Amino acid sequence: LQPWAEKKVAPQLRISNVVKTFDGFTAVDDVSLDIYRGEFFSLLGGSGCGKTTLLRMLAGFEFPDRGAITVDGLDLLKLQPYERPLNMMFQNYALFPHMTVAKNIAFGLRNEGLGPDEVEKRVKKSLELVQLSTFSERKPNQLSGGQRQRVALARALIKRPSVLLLDEPLSALDKKLREATQFELINIQKQVGVTFIMVTHDQDEAMAMSTRIAVMDKGRVVQVGEPREIYEYPRSRFVATFIGSINLLEGPVIDFGADGSRVECAQWGGPVQVAQDLAALASHHVAIGVRPEKIRLARADDSAFAADNIAEGVVKEIAYLGDSMLYRVQLPGGLLVKVAAQNLGVWFAADEPVRIGFDASAGVAIDK
Ligand code: ATP
């Protein structure tokens, strides 16, 4: 078990009931989070949800109206930005165009009172860390976007902060480079062992990189968990639809028990079985969330097709994605069900009658 699951060690960073308003508008609304040493923690949410404001309060560029923030028990709010044991890597990297790569990185050590030999040694090690040793005498405009990003990272890490704050670190890179850089960032983070806190609006990026994610909406943290937990067990409609794609089958809970529960779902054409015990939601109107890849698809006459929940429908739309196929299947009640199928060379045609099905364990109930 990871420390954040076990909760046996004290968190490194503790954000308690933090509120920040701008002219009466609440940008960050009573946020509390515990972040553990060595985590790659993401603040994820859409535009305006308050994630950047929260990061800026950690860095000391904004001051909360209420609440407390501590790092290793140290009251951050009593410290000036430059006194805090954190460093920030900015979205636009903020490199100095007239300085070489080595000078840009060494700039991170100003005010540290180190001798030139020590500075040189540290810069050399940093260049190795980000694999830019042969680029030390170049200027930023002689580098690719990915290389500039690594210089900014080296400069932010050279002071050996205990926490590094990253504001959309990959947003300036194109899609292909972004994927490669995700892995690089994770590797560097593991090597240095520094806690990373990253702001991003990109769900895939947060899922791929993070030990844990805090999903934010309208200034609040709406769910915190490991990527898998957030994807498999979204606790609200907002989280379910914000992260990945999902089908929502709605209706009242009609029975429940330790062996599973049933939800009457007219859109599906009858009761839907789920593995969860929905005793706590008895007689509530709920949505059963089912991810498209958990729904299987078969020919209408496939009598061997088996699943706990089966419906018949007609293929309406098809998207060919190379490694997978995305179908939209219309049920008699009008519901369009998204089905993602691995591309195994079996295809279904538009207007073809089909059967779709999913097992009770594939559905997760979300209270309305
Ligand atoms: P984005 O990804 O678009 O940057 P965000 O989730 O990072 O979004 P924030 O930048 O934290 O959002 O802003 C949250 C809200 O607070 C927004 O509505 C924004 O307009 C407002 N806000 C942020 N900074 C200020 C400020 N200095 N003065 C007034 N309002 C602000």
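The values are calculated or read from the model by the stated rules, or taken from the named source; none is laboratory data. Here the structure is a predicted model, which is why all the values come from computation and not from measurement. Positions of Cβ are generated from backbone atoms using ideal geometry, with glycine treated the same way; all protein chains shown enter the neighbour counts.
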Being in contact (Cβ under 8 Å) with a residue 12 or more places away in the chain, farther than 16 Å from residue 168 by Cβ and of a type outside the set (S, T, N, Q) is the filter here; which residues of the stretch 185-197 pass it? 186, 188, 192, 193, 194
The stretch 303-319, residues that are surrounded by 11 or more Cβ atoms within 10 Å (Cβ to Cβ) and in a loop (DSSP other than H, G, I, E, B): 305, 306, 307, 308
Residue under question is residue 25, and the condition is that it be near the ligand (Cβ under 8 Å from one of its atoms) and surrounded by fewer than 18 Cβ atoms within 10 Å (Cβ to Cβ); does it hold? yes
In the stretch 8-22, residues that are buried (at least 20 other Cβ atoms within 10 Å of the Cβ) and of a type in the set (A, V, I, L, M) total 3
Quick check, is residue 235 on the phi < 0 side of the Ramachandran plot, in a helix (DSSP H, G or I) and either touching a residue at least 60 places away in the same chain (Cβ under 8 Å) or of a type in the set (D, E, K, R) (or both)? no
Among the residues of the stretch 320-334, is any aliphatic (A, V, I, L, M), at pLDDT 95 or above, surrounded by 14 or more Cβ atoms within 10 Å (Cβ to Cβ) and within 28 Å of residue 204 (Cα to Cα)? yes
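A quick yes/no check of all residues on (1) within 16 Å of the ligand (Cβ to nearest atom); (2) in a loop (DSSP other than H, G, I, E, B):
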position	(1), (2)
91	yes, yes
96	no, yes
99	no, yes
102	no, no
106	no, no
113	no, yes
118	no, no
126	no, no
Among the residues of the stretch 173-201, count how many are part of a loop (DSSP other than H, G, I, E, B) and buried (at least 16 other Cβ atoms within 10 Å of the Cβ). 3
Can we say residue 77 is modelled with pLDDT of 95 or more, within 16 Å of the ligand (Cβ to nearest atom) and out of contact with any Pro (no Cβ under 6 Å at 6 or more places or on another chain)? no
